[in-house]
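The values are calculated or read from the model by the stated rules, or taken from the named source; none is laboratory data. Everything numeric in this text was worked out from a predicted model, so none of it was measured. Glycine also receives a Cβ, built like all others from the backbone with ideal geometry; neighbour counts cover every protein chain displayed.
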Amino acid sequence: MFSKDSIPFGILTGFAIPFVVYAILLIINDFIYHQEMIQVGQETFFQFSEKLLGTVAICANIIPFQFFKKNYRDYSMRGIIFPTLFYVGYWVYTYYSQLGF
């Protein structure tokens, strides 16, 4: 079921990569936020929004997609598309009011 070139493997990869990247980016963002050398008085000088972190995490699916493309794993490429579209839909649903439409 989870061979190296299968749609379920691509789906699993497509769900796991953005989840892990988002968690790592949140940890880095919290680390930067709590460093006193970046804070000026009471105001934080440098912090990323969750909307940007989510966008970068979704775009992280490009890396395994290109890897599968280079190695001719077409079914895995197709599998990555489904979770990516799910994440994009969830992102739009969550931040629709902030998009200005």
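At a glance:
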{"item": "Residue within segment 81-88 that is β-branched (Val, Ile, Thr), modelled with pLDDT of 90 or more and in contact with a Phe, Trp or Tyr (Cβ under 7 Å, 6 or more places away or on another chain) present", "result": "no"}
{"item": "Residues located in segment 83-101, provided they are exposed (fewer than 14 other Cβ atoms within 10 Å of the Cβ) and of a type in the set (A, V, I, L, M, F, W, C)", "result": "85, 92, 99, 101"}
{"item": "Pairs where the first residue, in segment 1-15, is among the basic types (Lys, Arg) and the second is crowded, with 16+ Cβ neighbours inside 10 Å and at pLDDT 90 or above, C-beta under 8 Å, 6+ apart", "result": "4/73; 4/76"}
{"item": "Segment 49-68: number of residues that are farther than 22 Å from residue 9 by Cα, among the small types (Gly, Ala, Ser) and touching a helix residue (DSSP H, G or I) at 6+ places or on another chain (Cβ under 7 Å)", "result": "1"}
{"item": "Where residue 49 falls short, out of the listed (1) at pLDDT below 95; (2) within 16 Å of residue 7 (Cα to Cα)", "result": "(2)"}
